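Beneath this line is the structure, given in structure tokens, with notes to follow.
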Amino acid sequence: MNSPLQGFLGGQLNKMLASHMEDWQKAVEELQATRVTASAGGGVVEATANGIGELLDVQIDPELIEAGDIEMLQDLIVTAVREALSKATETYRERLKASFGPLGNLVNNYMPGLF
């Protein structure tokens, strides 16, 4: 014999989770389309990533290459990429937290670090 609580857990909770999973999938699609850009060296190096942390592009001012300071160029690239990926991570966390709404804390308890 099913109790009302079992009915809720079996039906309503499953519907709620399914709805949030649809929201999560939509959020991931939006994050894939989101672009975040960071720069270093006053804009001579720019890195662009999407909202799920994939590095998409690195732009380098040709004058920096002509200067021939490889170590500085490498440092600026690393700095710009790190900042772009940091922005992407923050964008990801904010968007997923919003998509889970009140269930966010519960999800985060079972998947720490998700957002």
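Values quoted throughout were computed directly from the atomic coordinates according to the rules given, and no laboratory measurement underlies them. On a predicted model such as this, the values are computed, not experimentally measured, just so you know. No Cβ is skipped: glycine too gets one built from the backbone with ideal geometry, and neighbour counts run over all protein chains shown.
Quick notes on this structure:
- Segment 81-97: number of residues that are closer than 14 Å to residue 35 by Cα and surrounded by 14 or more Cβ atoms within 10 Å (Cβ to Cβ): 11
- For segment 40-76, the set of residues classified as under 18 Å from residue 87 (Cβ atoms) and among the acidic types (Asp, Glu) consists of 46, 54, 57, listed by residue number.
- Of the residues making up segment 43-51, at least one is hydrophobic (A, V, I, L, M, F, W, C) and closer than 19 Å to residue 94 by Cα.
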